[in-house]
């Protein structure tokens, strides 16, 4: 099996039904004309920001990264691994694409450590095990992976989606 093409989606896409429609139409066309499997990795900063605003919680950033205090990681996990991920799965279903929603820790696909204590629950992603994602790909599923990870001691971490996609690409091997 060919190594998959990793598609990193920004959270802004989730705000536009027109963009989602174009994306999933393109994914259907790609899957019909190419053998190379696909994996989606996504963030969802806009979904998180909306939720935080609705809850009257402050959004803090340091060096372009969201500061994620312990009392907010559950909310951020819900926004990214919940709302953002399931929205993408719903669009896949609408376009008859069999998909599976994951987070970075599923099957130890990506290993995550805390990036910097000053940032709180913000993680650094490193390559992990390709077994689960390869099994899904071999069976025709489109993995849709949120940028939430978990440390070896069970702490949920918010990971920059670009960095998560890079680590997952390294996990799944060179082209």
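Exactly one of these conditions fails for residue 25: (1) surrounded by 14 or more Cβ atoms within 10 Å (Cβ to Cβ); (2) modelled with pLDDT of 95 or more. Give me its number.
Only one criterion is unmet by residue 25, namely (1).
For residues that are over 22 Å from residue 44 (Cβ atoms) and either touching a residue at least 40 places away in the same chain (Cβ under 8 Å) or surrounded by 15 or more Cβ atoms within 10 Å (Cβ to Cβ) (or both), tally how many sit in the range 134-156.
5
Going by the conditions given, is residue 131 touching a helix residue (DSSP H, G or I) at 6+ places or on another chain (Cβ under 9 Å) and free of Cβ contacts under 8 Å to residues at least 40 places away in the same chain?
yes
I'd like to verify a number: residues in the range 1-26 that are part of a helix (DSSP H, G or I) and within 29 Å of residue 138 (Cβ to Cβ), how many?
9
The rows are residues; the columns are (1) exposed (fewer than 13 other Cβ atoms within 10 Å of the Cβ); (2) over 15 Å from residue 121 (Cα atoms); (3) at pLDDT 95 or above.
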residue: 20; (1), (2), (3): no, yes, yes
residue: 40; (1), (2), (3): no, yes, yes
residue: 46; (1), (2), (3): no, yes, no
residue: 51; (1), (2), (3): no, yes, no
residue: 65; (1), (2), (3): no, no, no
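Would you point out which residue out of 111, 85 is under 15 Å from the mean Cα position of the chain (by Cα), in contact (Cβ under 8 Å) with a residue 60 or more places away in the chain and either within 24 Å of residue 36 (Cβ to Cβ) or not in a helix (DSSP H, G or I) (or both)?
The conditions single out 85.
Of 90, 81, which residue is within 16 Å of residue 41 (Cα to Cα) and surrounded by fewer than 16 Cβ atoms within 10 Å (Cβ to Cβ)?
Answer to the check: 90.
Residue by residue through the range 35-72, note down the ones that are over 25 Å from residue 105 (Cβ atoms) and either touching a helix residue (DSSP H, G or I) at 6+ places or on another chain (Cβ under 6 Å) or touching a residue at least 24 places away in the same chain (Cβ under 8 Å) (or both).
Hits for the range 35-72 are 35, 36.
The values are calculated or read from the model by the stated rules, or taken from the named source; none is laboratory data. These figures come from a predicted structure and were not determined experimentally. As a convention, Cβ positions derive from the backbone with ideal geometry for all residues, glycine included, and neighbour counts pool all protein chains shown.
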